[in-house]
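Structure record follows, encoded as structure tokens.
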């Protein structure tokens, strides 16, 4: 078999450009260039979004355009232009197209660059972020008879694995957004994810509290949501040990991503509580994985970084790690990570 035939058979990973008022275009250009220079390429990349605008940025940054790379390396790089009447609309339509291709089996997973929630709203896209849009697309395009798909935000760096019980909600709304049944579904997805990726006999999960000192000095979330969640886990999953709600400030003292204090995962009730330590430890290497969907999606763990757009200094490490995670999951678990939940 010729090298060209081998490359033709490589699995394809979808990469959305995100909102091009951010650094998604530059990051995409850089990972595309790295791929065509890789003598042992294991996958192809297909880019979705406003490719024309992205390639105009390539000229400013003295990088090769996606279209040029696709012409010179057609078995490694391809692209799909989405309508671009606004950056927010183009970013959403890119996501939708990538998801449809994932559900059709044309790509093995979807990797997303950062979007602007404000630009989505301006474009009439009624979702607060990728996770909510992905959940809607899964239920619209691949509905389940028994229960709807529930997308959950899961982050990974070394042996530090983090599940969020709530998404992008204001701090004052965390208490009302915490729901026991939804938390059970999220933790069930987490346990199946651990089973598929670690394949151990037993698992340990740390549960963080909501209130200072995990409710010792006030607050009802521990008693009404978290303690019943812990009891349910022990009843339903005898091979899983979940801690009592832990004060987050004490739990993360001396925390190391390699050892993770012996826990296979950490469950955080709200966004910043878990993502501050994740991003402090991982820098640009953390990967956001959406679990609980009928397709695999990973993402960078940072935002648009609009302050450095056009400077050529954007770091592609998180995007590269997200792409590698799609490849590794496909290779080692045949996408069971998301299909068993």
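What follows draws every value from the coordinates through simple rules; no lab data is involved. From a predicted model like this one, the values you see are computed outputs, not experimental measurements. Note that we place each Cβ from the backbone using ideal geometry, even for glycine, and neighbour counts take in every protein chain shown.
I need the semi-axes of the equivalent ellipsoid of the chain: take the C-alpha gyration tensor, multiply each eigenvalue by 5, square-root it, list largest first in whole angstrom.
35, 21, 19
Across q = 0.10, 0.21 Å⁻¹, the stretch 152-291 modelled as identical point scatterers on its alpha-carbon atoms has Debye log10 I(q)/I(0) values of -0.29, -1.44, in the order of the q list.
Listed from fewest to most Cβ neighbours within 10 Å, the set 116, 268 follows the order 116, 268.
Peptides 225-238, 184-197 ranked from most to least packed by the mean count of surrounding Cβ atoms within 10 Å: 184-197, 225-238. As a rough guide to protection, the peptides 53-61, 26-34 ranked by mean Cβ packing within 10 Å, highest first, stand as 26-34, 53-61. Between residue 159 and residue 307, residue separation times 0.36 nm minus the direct Cα-Cα distance comes to 50.1 nm.
Let me know the shape class of the stretch 1-145, please: from the alpha-carbon gyration tensor, a ≥ b ≥ c as square roots of the eigenvalues, rounded when a/c is under 1.5, otherwise prolate if a/b is greater than b/c, or oblate. Oblate is the answer for the stretch 1-145, as a/c is 1.5 or above yet b/c matches or exceeds a/b. The stretch 65-138 and the stretch 249-309 have Cα centres separated by 23 Å.
May I ask for the angle, rounded to the nearest 10°, between helix 271-282 and the longest principal axis of the chain, with both axes built from Cα atoms and the value confined to 0 to 90°? Approximately 60 degrees, to the nearest ten.
Counting other Cβ atoms within 10 Å as a rough exposure proxy, the listed residues 146, 256 run 146, 256 from fewest neighbours to most.
In terms of packing, defined here as the mean over residues of other Cβ atoms within 10 angstrom, the peptides 123-130, 176-183 line up highest first as 123-130, 176-183. Label-to-label distance, residue 182 versus residue 250, with points set 7 angstrom from Cα along the beta-carbon direction: 2.9 nm.
Beta bridges from DSSP with both residues in the chain: antiparallel share about 35 percent, rounded to the nearest 5.
Computed from label points 7 Å out along Cα-Cβ, the spacing between residue 324 and residue 231 is 4.4 nm.
Oblate is the label for the stretch 183-263. Its Cα gyration tensor axes, ordered a ≥ b ≥ c, give a/c of at least 1.5 and b/c at or above a/b. Report summary: the helix-based calculation at 222 nm, which adds -39500 (n - 2.57) for every DSSP H run with n ≥ 4 and divides by the residues of the chain, gives -12500 deg cm²/dmol.
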